[in-house]
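Computed from the coordinates by the stated procedures, all read-outs in this text should not be read as laboratory data. Computed from a predicted structure; not experimentally measured.
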Amino acid sequence: MVRVNQPDIMMSHTNDELTTARSHRAVGEAIPRIAVLIDAVFRHHTISARTHFERVIRDASASVVCGIGFADLTGFTELTRRLTPFELSNFLAEFAGAVSDMVHTDGGRVVKFIGDEVMWVSSTPAQLVRVALDLVDHPQAREVSLQVRAGLGFGEVLAVGGDYFGTPVNLAARLVTAAAPGQILVSSDVRDQVPDLPAVPQEPLTLKGFDAPVTAFDLHCPADR
């Protein structure tokens, strides 16, 4: 993926005509760069969405069978206290870009970012797991003493307006909140689809929105990664 940097523009109020003129000039010079950024993002997401849907769509309905993943940063609240707003903004932008690259490289599609959390979809459980392993092993997070954790689900979901709804989505979202730092919790559906996963069953979890305790599996990262 070709990465396009964000234009470094800061606008403020001033009574100095020269400063105002320079600001307008800076904005004018940034317009071509913004156009390149928009074009790159549009093409990247179009290709990603097309590739994903070609793999998961089974019929003309909005129902698809795919893998759902959530990952977030543990220790992020503490990080917000250590960084300035500018540093935090840069970190989140760089982290989001790196995460998007990983998800797309492994054949997935980023659905949305919610603060320090990312939701993505993959057409197969194997691809879903590969993305999660790459995210948990993220070097940029380790550089600032953060750890990534993930929750994975698989099954039939409803695709509406670029978002996804259904039990596998809800389960994956609950599993990531139950995971420990650096841990990947997968649902039994993911485990059944990829039986050779190095996954260890956990004690049944009581999760919000689920009437009965849920059995999840702790996915261990291979030692050679």
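Give the long-range amide H neighbours of Ala216: residues separated by 5 or more places, or on another chain, with amide H under 5 Å away, using H modelled in the peptide plane at 1.01 Å from N.
Under 5 Å from the amide H of Ala216 lie the amide H atoms of Gln202, Leu205, each far enough along the sequence or on another chain.
Normalising by the residue count of the range 60-219, find the relative contact order in percent from Cα pairs under 8 Å and 6+ residues apart.
In percent, rounded to a whole number, it is 25.
Just subtract the alpha-carbon distance of Leu88 and Ala180 from 0.36 nm times their residue separation and send over the number in nm, one decimal.
Gain in length upon complete extension: 30.8 nm.
When a/c reaches 1.5 or more, the comparison of a/b and b/c decides; with that in mind, is the range 60-219 rounded, prolate or oblate per its Cα gyration tensor?
Prolate, since a/c reaches 1.5 and a/b exceeds b/c.
Alpha carbons only, please: Rg and Dmax for the range 95-156, in angstrom.
11.2, 37
So if I restrict to the alpha-carbon atoms in the range 86-127, what is the Rg, and what is Dmax, the biggest pairwise distance, in Å?
According to the Cα coordinates of the range 86-127, Rg and Dmax are 11.3, 38 Å.
Mind checking the full-extension length gain between Thr20 and Lys112? Use 0.36 nm per residue of separation minus the Cα-Cα distance, one decimal, nm.
29.5 nm
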